[in-house]
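Enquirer: Can you read through this structure? Questions will come right after.
Read-outs throughout are calculated quantities, based only on the coordinates presented, and are distinct from any laboratory measurement. Given the structure is predicted, the values throughout are model-derived calculations rather than measurements. Note: ideal-geometry Cβ built from the backbone for every residue, glycine included; neighbour counts use all protein chains shown.
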């Protein structure tokens with residue numbers, strides 16, 4: 001346990017953790033030799049049979065330092081600090097390519113890299129904006145079994161509040177994340193896409209409206225938490241998913257470790273505590289597992305490289321006089337992920353790919369452009385990201401990939417923060433905290449692979465994810 005972690009017993013009392021033999025943790029960063037794509041039910045151990053409910057809580061953008069260095073940073077987050085003292089925790093979670101929300105959250109429930117599970121970015125590739133900024137909202141785009149598939153196959157119930165990529169998912173009680181306009185009408189969309197009758201029923205039971213689809217405020221998170229608590233207490237799903245966005249929003253606006261981000265996390269700690277207490281009431285002190293995860297870390301930013309500007313100047317992107325800021329045709333196009341960007345070509349011409357590579361390497365050679373490295377197609381195949389791209393451009397800290405076609409190649413922007421950089425940068429490390437009746441207290445897991453989390457939760461639930469690319473963390 002980190003030296004600055006005070007022992008906090010609420011809501012995780014010492015009796016919450018049952019006895020368990022300490023065993024060697026297996027951490028593997030290689031794919032299994034043969035993978036069966038169908039989820040199956042696993043024989044439960046004596047410890048697993050005690051687990052009646054797993055609550056998986058995602059705090060978007062939660063860097064592990066917020067929790068592991070809480071005292072040094074003056075943060076009052078007793079629930080998360082207690083999870084470190086009473087359960088297992090990672091010092092860092094090495095994420096996937098790109099380190100953005102939708103690919104990462106799909107890895108968290110499949111145990112596979114984006115190139116395999118199919119959710120390769122937040123937004124679909126849409127160079128001419130025909131999809132009008134659409135995201136990978138739909139569970140039908142996931143190409144491997146998820147935790148909710150495994151649970152449904154085992155005839156066990158699943159609840160969800162706002163987890164990404166869950167529209168149309170095989171979830172018993174589903175309030176998926178979805179928006180289009182960012183206006184109040186988005187609530188009607190979410191109601192229509194939720195499990196039949198669930199949305200209206202929960203609003204009646206709680207006497208408050210659900211949060212708008214695009215609401216990333218702290219108040220929106222706190223409102224969704226009320227719905228998640230109610231679902232746990234009244235439906236008692238064997239697996240409950242809940243996702244919260246406000247910390248990510250504040251870090252984009254003000255940067256990581258800003259005062260605004262700290263205040264937000266302190267209030268989200270209260271949310272986590274409320275959900276934990278709801279789980280204890282629903283499943284009993286010795287029957288609930290609480291997992292808190294995040295999708296990625298954060299870096300500070302102050303400059304944008306408008307990579308599409310360089311492609312237009314090279315004749316690879318075409319605009320018109322009527323629409324100078326909008327592409328009308330393209331031979332190569334940027335697919336931005338914030339701190340990095342894929343570059344996709346629209347034909348298989350070796351000459352086009354080679355000339356694009358020369359352009360990107362030339363841009364990289366000028367340190368003023370802020371490019372940390374350029375990854376080619378073979379490199380992308382090795383790291384499991386952007387399988388349709390010819391190249392990936394990864395930025396240095398302080399820079400991100402902008403979207404301005406006109407204007408300077410590099411521009412100064414208001415200080416803030418972003419993610420999406422390659423996951424080997426420690427600043428991109430995500431979080432993992434786990435408390436429950438079979439979890440060894442104070443267990444430092446070290447730095448782990450994000451793909452190991454889903455099979456770990458599957459084992460606790462007594463189901464299998466045979467497609468997972470790395471083993472579970474706990475026996």
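Enquirer: Tell me, what is the percent relative contact order of the range 367-475, built from C-alpha pairs under 8 Å that lie six or more residues apart?
Expert: 16
Enquirer: For the chain, what relative contact order do you get, as a whole percent, if you take Cα pairs closer than 8 Å and at least 6 residues apart?
Expert: 32
Enquirer: Let me ask something additional. Rank the residues 371, 439 as a footprinting-exposure proxy: fewest other Cβ atoms within 10 Å of their Cβ go first.
Expert: 371, 439
Enquirer: Roughly what angle does helix 259-283 make with the longest principal axis of the chain, taking Cα atoms, 0 to 90 degrees, to the nearest 10?
Expert: Taking the Cα atoms of the chain, the angle to 259-283 is about 40 degrees.
Enquirer: Please state the relative contact order of the range 300-418 as a whole percent: Cα pairs under 8 Å, 6+ residues apart?
Expert: Once divided by the residue count of the range 300-418, the mean separation gives 43 percent.
Enquirer: While we're looking at this one, here's another question. How would you classify the range 300-418 from its alpha-carbon gyration tensor, with a ≥ b ≥ c the square roots of the eigenvalues: rounded for a/c under 1.5, else prolate if a/b is greater than b/c, otherwise oblate?
Expert: oblate
Enquirer: Output the peptides 140-152, 323-335, 124-136, 224-236 sorted from most to least packed, where packing is the average of other Cβ atoms within 10 Å over each peptide's residues.
Expert: Ranking, from highest mean packing down: 140-152, 224-236, 323-335, 124-136.
Enquirer: Could you work out the per residue convex hull volume over the alpha carbons of the chain, in cubic angstrom?
Expert: Spread over its residues, the Cα hull of the chain gives 140 Å³ apiece.
Enquirer: Between residue 76 and residue 326, what is 0.36 nm times their sequence separation minus the Cα-Cα distance? Round to one decimal in nm.
Expert: Gain in length upon complete extension: 85.4 nm.
Enquirer: Based on alpha-carbon centroids, what's the gap between the range 376-426 and the range 149-182 in Å, whole number please?
Expert: Here the answer is 30 Å between Cα centres.
Enquirer: Something else: Extension gain residue 236-residue 219, at 0.36 nm per residue separation less the Cα-Cα distance, in nm?
Expert: Going from the current span to full extension adds 3.7 nm.
Enquirer: What is the range 162-300 by shape, rounded, prolate or oblate, if you read a ≥ b ≥ c off the alpha carbon gyration tensor as root eigenvalues and call it rounded for a/c under 1.5, prolate for a/b larger than b/c, and oblate otherwise?
Expert: In terms of gyration-tensor shape, oblate.
Enquirer: Something else: Set the Förster distance to 25 Å, then compute FRET efficiency between residue 302 and residue 270 from the Cβ-Cβ distance, nearest 0.05.
Expert: Calculated transfer efficiency: 0.20.
Enquirer: Sticking with this structure for a sec: Any chance you could give the angle, 0 to 90 degrees and rounded to 10, that helix 218-235 forms with the longest Cα principal axis of the chain?
Expert: Once rounded, one gets 40 degrees.
Enquirer: Then there is this: Could you tell me how many degrees, from 0 to 90 and to the nearest 10, lie between the Cα long axis of helix 101-110 and the main elongation axis, the longest principal axis, of the Cα atoms of the chain?
Expert: With both axes taken from Cα atoms, the answer is about 50 degrees.
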